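The next block holds one structure in the form of structure tokens; read it before the comments.
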Amino acid sequence: MLYKVMGRDVFKDFVKSLISNYEFIGPKRKDKAVHDFVPIKDISELDINYKRTTIPPAKKILFPPDEKLVAYEVNEKIKVRPVVESSEKVLFGINAWDINGMNFLDRFFVTDFVDENYLERRKKLIVIGMDSEPTETNFSPSMDSEYAKDGFDLYITELKDRYFIRINTARGDEILKKYSVTENALVKDFKDYNNYMDNYRKKFKLDVNIKDFYDNFELIYDDDEFWEKVAKNCYSCGSCNLACPTCFCFNVKDDIELNLKDGNKTREWDSCMLPEYGLVAGGHNFRPDKENRLKQRYRCKLKTFLDKFGRYACVGCGRCIEVCLAKINIADNINSIKKEVSV
Amino acid sequence: MTLNVKYNNKSNKSSIYVPELARINKIQQISPTEKLFDIVFEDDKNQNNFNFEPGQFVELTVFGLGEAPFSICSNPENKDFFQLCIRDIGNVSGALHRMKEGSKIGIRGPYGNGYFPYEKMRNHNIILIAGGLGLAPLMSLVKYILHHREDYKEVMIIYGAVNPENILFKDDIQYFSSRNDISICVTVDNPDAEWTGEVGVCTKLIPRVDFPVEDTCAVVCGPPVMYKFVIIELEKKNYSSEKVFLSLERRMECGVGKCNHCHIGDKLVCVDGPVFSLWQIKNLKEAI
């Protein structure tokens with residue numbers, strides 16, 4: 001990691017150069033409460049002071065809601081070819097917990113088998129991180145995700161009169177050299193950065209007791225009464241999955257065009273909350289109950305990948321709490337598991 | 001960005017989702033609802049490189065319609081083709097049943113790091129317990145064992161079918177019966193007038209097995225409802241939970257550990273299974 005500082009006066013020009021030289025994706029205000037990460041053509045569209053983004057930016061770009069994987073021609077002979085599409089993009093203004101969500105997906109999509117569709121997009125994505133204001137439902141410090149130490153090219157922290165920049169890749173360093181003027185960060189810059197980080201961490205109000213979850217979860221797992229209470233209002237709608245920066249479940253479907261010759265395999269996001277998630281041919285459903293599906297989601301988010309990768313598959317962004325129509329609150333539920341067991 | 005990618009699937013293919021072209025060489029109707037398909041890759045190189053372990057499965061594409069996982073039921077030592085026994089029950093299997101010999105399909109695989117541990121099972125007595133279509137994945141193991149018969153002690157198959165006409169692999173069963181180094185016991189739930197064999201569920205035959213505890217392995221495959229009852233019977237026999245192996249079914253969309261539909265606890269049936277030891281299953285809530 002290299003550390004540089006950039007003056008306020010040159011920052012705007014830096015962003016403008018990026019917008020004119022790259023396919024640039026950044027936060028744009030969608031309505032009063034929500035921003036969305038969309039292609040930006042002019043700096044006036046960009047609003048880096050965002051708080052809420054419903055669909056996580058990285059997931060949307062790297063793992064789109066529907067994506068062609070394979071194309072084929074069905075004639076006398078059948079020709080099959082992979083579809084791996086990607087282009088260089090700048091993702092600007094993504095916050096620390098969403099970068100950590102992306103880091104999780106990185107690890108996931110290259111483990112066991114390498115998913116080229118994801119990996120190609122990821123390699124070509126220039127990630128420039130910036131902090132954003134946490135929402136009231138954000139508990140990312142509990143999940144060790146409020147700070148990103150990897151997964152970006154540049155991370156820009158806004159100090160009072162200048163920007164403190166962490167440079168994580170050679171690519172990031174080159175971009176900075178090409179499009180801006182920076183100086184090496186000195187002791188006073190680090191001091192101000194530390195002060196900033198102290199204040200930044202104080203903005204997160206929600207605390208979740210995740211440490212004891214690992215064992216307690218197994219005890220509470222068979223407590224049907226507890227899970228009936230938790231899942232009572234669940235509509236099995238899957239909103240929590242759509243809004244999650246780390247959810248990756250998908251379906252693969254084969255389609256054929258109207259000419260009956262050109263076909264393709266497409267993947268589309270799926271949700272482990274939907275009743276048909278565990279349905280197999282012949283009609284047997286391995287997960288017919290919503291209680292069961294919800295607790296399996298908690299296991300996937302909070303335990304499975306602690307065993308596999310040594311990290312949670314939850315970054316504590318709080319989006320699932322905000323989007324849940326039934327007001328199911330994962331943070332409350334984690335805490336209440338501890339309470340339930342301690343009584 | 002530091003992406004430390006270790007490539008496990010070292011092939012020239014640039015996507016794990018691309019199937020290889022294959023041909024249905026032969027179709028046999030082996031029961032009112034099941035057909036046996038002989039499959040050969042179009043490219044000889046793919047056929048020569050296709051080495052599978054008993055218990056593994058493939059993802060089969062019917063172009064333009066869909067993809068589904070199927071366990072391989074032929075002898076792994078047969079390098080000329082492989083076989084799938086498929087019930088006409090879903091979108092893909094239904095389409096396959098309508099296909100003719102010579103039709104082209106797509107194959108990915110073989111998949112499943114958890115297969116029947118035939119090496120660990122050497123010098124053991126083997127009980128194979130199958131219910132219905134569950135016989136298909138076990139056939140691959142039976143044929144492997146018969147191919148290397150001297151490596152194993154006593155071999156016994158317990159097979160339960162709904163009714164006599166639903167009995168699968170009748171030719172093979174007849175052949176097994178003619179050999180004196182393998183015993184097979186078939187039971188049906190609903191016998192017809194001509195049926196002279198056992199009647200009832202396959203679990204009731206387990207108590208009759210008298211293989212010694214210390215050197216016996218059991219393998220199980222059948223419909224979801226069967227496992228619980230089979231395990232109860234096997235536990236009465238005190239077989240080690242590390243010597244009982246069960247092949248599980250789950251919904252799969254990818255076969256390569258990405259779509260997550262087949263997860264049970266922290267395991268994925270496609271990459272960690274589909275065969276698990278009873279010890280693993282005891283540690284996986286909801287596995288059975």
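The values are calculated or read from the model by the stated rules, or taken from the named source; none is laboratory data. Since the structure is predicted, the reported quantities are computational estimates derived from the model, not experimental observations. Positions of Cβ are generated from backbone atoms using ideal geometry, with glycine treated the same way; all protein chains shown enter the neighbour counts. Heavy atoms of the whole protein, side chains included, go into the accessibility calculation; ligands, DNA and RNA do not. Shrake-Rupley method; radii C 1.70, N 1.55, O 1.52, S 1.80 Å.
Looking at the range A:116-149 only, could you name the residues that are within 11 Å of another protein chain (Cβ to nearest Cβ) and open to solvent by 10 Å² or more (accessible area, probe 1.4 Å)?
The answer is A:E116, A:E120, A:K123, A:K124, A:K149.
Could you identify the single residue in A:F109, A:F104, A:F113, A:F152 that is facing chain B (nearest Cβ under 10 Å) and assigned to a helix (DSSP H, G or I)?
From the options A:F109, A:F104, A:F113, A:F152, the qualifying one is A:F109.
Tell me, which residue of the range B:212-238 that is assigned to a loop (DSSP other than H, G, I, E, B) and surrounded by fewer than 21 Cβ atoms within 10 Å (Cβ to Cβ) is farthest from the other protein chains (Cβ to nearest Cβ)?
B:P212
Looking at A:K303, A:K265, which one is open to solvent by less than 50 Å² (accessible area, probe 1.4 Å), in contact (Cβ under 8 Å) with a residue 24 or more places away in the chain, within 8 Å of chain B (Cβ to nearest Cβ) and part of a strand (DSSP E or B)?
It is A:K265.
Among all residue pairs at least 6 apart or on different chains, which show Cβ distances below 8 Å where the first residue, located in the range A:135-163, is of a type in the set (K, R) and the second is not in a loop (DSSP other than H, G, I, E, B)?
That search, which allows pairs on different chains as well, returns A:K160/A:D192; A:R162/A:V5; A:R162/A:M6; A:R162/A:G7; A:R162/A:R8; A:R162/A:D189.
Would you check if B:D266 is open to solvent by 10 Å² or more (accessible area, probe 1.4 Å) and closer than 16 Å to B:I127 by Cβ?
It is false that B:D266 is open to solvent by 10 Å² or more (accessible area, probe 1.4 Å) and closer than 16 Å to B:I127 by Cβ.
Can you tell me which residues in the range A:278-291 are of a type outside the set (D, E, K, R) and either in contact with a Gly (Cβ under 9 Å, 6 or more places away or on another chain) or more than 9 Å from every other protein chain (Cβ to nearest Cβ) (or both)?
Matches in the range A:278-291: A:V280, A:A281, A:G282, A:H284, A:N285, A:F286, A:P288.
Scan the range A:218-241 for residues that are open to solvent by less than 80 Å² (accessible area, probe 1.4 Å) and of a type in the set (A, V, I, L, M) and jot them down.
Answer for the range A:218-241, where residues must be open to solvent by less than 80 Å² (accessible area, probe 1.4 Å) and of a type in the set (A, V, I, L, M): A:I220, A:V230, A:A231.
Consider A:V70 carefully, then state whether it is in a strand (DSSP E or B) and under 30 Å from A:E322 (Cα atoms).
Spelling it out, it is not the case that A:V70 is in a strand (DSSP E or B) and under 30 Å from A:E322 (Cα atoms).
Which residue out of A:Y221, A:Y196 is out of contact with any helix residue (DSSP H, G or I) (no Cβ under 6 Å at 6 or more places or on another chain), over 30 Å from A:D9 (Cα atoms) and among the hydroxyl-bearing types (S, T, Y)?
Checking each option against the conditions leaves just A:Y221.
For the range B:55-86, name all the residues that are open to solvent by 10 Å² or more (accessible area, probe 1.4 Å), in contact with a Ser or Thr (Cβ under 7 Å, 6 or more places away or on another chain) and among the aliphatic types (A, V, I, L, M).
The one that is open to solvent by 10 Å² or more (accessible area, probe 1.4 Å), in contact with a Ser or Thr (Cβ under 7 Å, 6 or more places away or on another chain) and among the aliphatic types (A, V, I, L, M): B:A68.
Among all residue pairs at least 6 apart or on different chains, which show Cβ distances below 8 Å where the first residue, located in the range A:72-100, is within 10 Å of chain B (Cβ to nearest Cβ) and the second is among the aromatic types (F, W, Y) and open to solvent by 10 Å² or more (accessible area, probe 1.4 Å)?
Partner pairs satisfying both residue conditions: A:Y72/B:F63; A:V74/B:F63; A:I78/B:F63.
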